[in-house]
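A.B. asks: Sharing a structure here in structure tokens format.
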Amino acid sequence: MLKKILIVDDETSVCETLRILLKDKYQISTANNGQRALELLEEEPDLMILDVIMPDMDGLEVLKKVRSVNQELPIIMLSAVDRIKTVVEAIRLGAIEYLTKSFDNEELQHTIERMLDVQKLRSELDYLKRINRDCQSNEFVGDSPAAKRIINEVELVARTDSSVLIRGESGVGKEVVARLIHQRSPRQGNPFVAVHCAALPENLFESELFGHEKGAFTDASTRKPGMFDIVRDGTFFLDEVGDMPLTTQVKLLRVLQEKEFFRLGGTRLVRTEARVLAATSKNLEEEIGRRSFREDFYYRLNVVTIRIPPLRDRRGDIPRLVDHFFNQLRPSLHTETTAFSDELKERLQNYDWPGNVRELKNIVERLLVLHADVPVLQPAHLEGILNNPAANPKLQPENKSLEEALQEYEKFLIGEAIKKSGGVKSRAAEILRTTRRILSYRMEKLGLSNGSGSS
């Protein structure tokens, strides 16, 4: 995608000369006054070339106003004269380069390229700093045949730009796989942006994905970039895509097909080179049959499928996962624990893990927090921690009446459904094959917090 340069000069001939010089390499916009330049900032240029001497609002005043809203935009100041005082003031206000209008064409081209390269490096450095702390958690851990298959599939699809649909139960590590694909692809230096489709209200979906223009709706007082603006040439991950509204599916289908979109309330097409990855725990084929998911959208997303099995189907990976989470969490928890015993790991292998890898990590962290002063953790330390009727003696019938046991088990099922749904109560009701109204009633009856999930 061509970088955008905004040229600001009150002399039309200068704007046209620079446009002709740069148009083959860059997308050019021009402004003949300061006010128009400030308006064109909404198009998010990658660099500005700004004349110093202009009527009404001179270049230094424009520079000051630009810096009040955008500290990062590279700006080259142009002037017919080389005045030391003006140069110093321009640099103080935030200009990066200062050239006289007698510049050599190659000098200008080189200056622009260098400034854009520096800006790209700064963006990449910021991004790498953000993801550095997450790198360990984005490792797909395991030696089982299933884990090896998934890692091999990640390596194969990472080389391409094909759409990938990652399937599996909640908590199996679908986002970890998506991040791995991104990190091992040529896009690894660009942003990775994830959105949980079930967590976004339907009326905000389009605005969050594509952004909106000023005045697009009642509260749209300014132009707002969307997630596709943020991701640019990186990777866009749609988690739980089965919960995406049908109206948004239509618009996202255009993005996948044409690589372009309109902002909400906008009339200008915006190009994107983002790669789209998606994940779901739903049976999308059934959703298509119910007409709650578009078939054409499904085929666009499902070019390549990666299936992640539940943790109970790859129990052999549990000891390695326990060690992985232990090493990852131990430094920040300041625990005296040095190891999990083999007997404890064996107990963990025999558990069914309804919450999958996410639940396992939660249990490892809980053990380290609750027993921070124990050097080697044993099976006895699991007492009351594993929420499974078979693993928790408190739920056994000999310890409770039938009514009490049923209530305990109902609490457990509701808690697991809330956990699997990411806190979205309507989705939890769907997992439990009931309605949201009945779920809310049962939660109130059982004394469970209605704040456990959103609508």
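The values are calculated or read from the model by the stated rules, or taken from the named source; none is laboratory data. Just so we're clear, the structure is a prediction, and the values are computed from it rather than from any experiment. Counting neighbours? That spans all protein chains shown, and the Cβs are built from the backbone with ideal geometry, glycine included.
A.B. asks: Can you confirm whether residue 342 is within 25 Å of residue 148 (Cβ to Cβ) and in contact (Cβ under 8 Å) with a residue 24 or more places away in the chain?
C.D. replies: Considered against the rule, which asks whether it is within 25 Å of residue 148 (Cβ to Cβ) and in contact (Cβ under 8 Å) with a residue 24 or more places away in the chain, residue 342 comes out as no.
A.B. asks: Has segment 13-20 got at least one residue that is in a loop (DSSP other than H, G, I, E, B) and buried (at least 16 other Cβ atoms within 10 Å of the Cβ)?
C.D. replies: Checked segment 13-20: no residue is in a loop (DSSP other than H, G, I, E, B) and buried (at least 16 other Cβ atoms within 10 Å of the Cβ).
A.B. asks: Follow-up question, since we're still on this one. Quick check on this structure: which one of 92, 114 is basic (Lys, Arg), modelled with pLDDT of 85 or more and surrounded by fewer than 16 Cβ atoms within 10 Å (Cβ to Cβ)?
C.D. replies: Sole residue among the options that is basic (Lys, Arg), modelled with pLDDT of 85 or more and surrounded by fewer than 16 Cβ atoms within 10 Å (Cβ to Cβ): 114.
A.B. asks: Separate question: Using the structure shown, decide if residue 87 is farther than 22 Å from residue 41 by Cα, assigned to a helix (DSSP H, G or I) and modelled with pLDDT of 80 or more.
C.D. replies: No: the conditions fail for residue 87.
A.B. asks: Given the residues 62, 8, 52, 69, which is the only one that is loosely packed, with under 15 Cβ neighbours inside 10 Å and without any contact (Cβ under 8 Å) to a residue 60 or more places away in the chain?
C.D. replies: Just a single option satisfies the conditions, and that option is 69.
A.B. asks: Looking at segment 296-316, which of its residues are within 20 Å of residue 178 (Cα to Cα) and not hydrophobic (A, V, I, L, M, F, W, C)?
C.D. replies: 298, 299, 300, 302, 305, 307, 309, 310, 314
A.B. asks: Also, I was wondering about something else. Does residue 296 meet the test of being part of a helix (DSSP H, G or I), over 18 Å from residue 146 (Cα atoms), in the same structural domain as residue 143 (by TED's automatic domain parsing) and of a type in the set (D, E, K, R)?
C.D. replies: So residue 296 fits the description; yes.
A.B. asks: Which pairs have Cβ atoms under 8 Å, sit 6 or more apart or on different chains, and link a residue in segment 250-273 that is assigned by TED's automatic domain parsing to the domain that holds residue 299 to one that is polar (S, T, N, Q) and surrounded by 17 or more Cβ atoms within 10 Å (Cβ to Cβ)?
C.D. replies: That search, which allows pairs on different chains as well, returns 255/272; 256/163; 259/272; 260/272; 261/272; 264/207.
A.B. asks: I would also like to ask the following. If you check every pair at least six apart or on different chains, which have Cβ atoms under 8 Å apart with a residue in segment 408-423 that is without any contact (Cβ under 8 Å) to a residue 40 or more places away in the chain first and a residue that is of a type in the set (Lys, Arg) second?
C.D. replies: Pairs found: 408/394; 408/400; 410/442; 414/442; 418/425.
A.B. asks: Of the residues 322, 304, 276, only one is surrounded by fewer than 19 Cβ atoms within 10 Å (Cβ to Cβ), outside the structural domain of residue 433 (by TED's automatic domain parsing) and in contact with a strand residue (DSSP E or B) (Cβ under 8 Å, 6 or more places away or on another chain); which?
C.D. replies: On inspection, the qualifying residue turns out to be 304.
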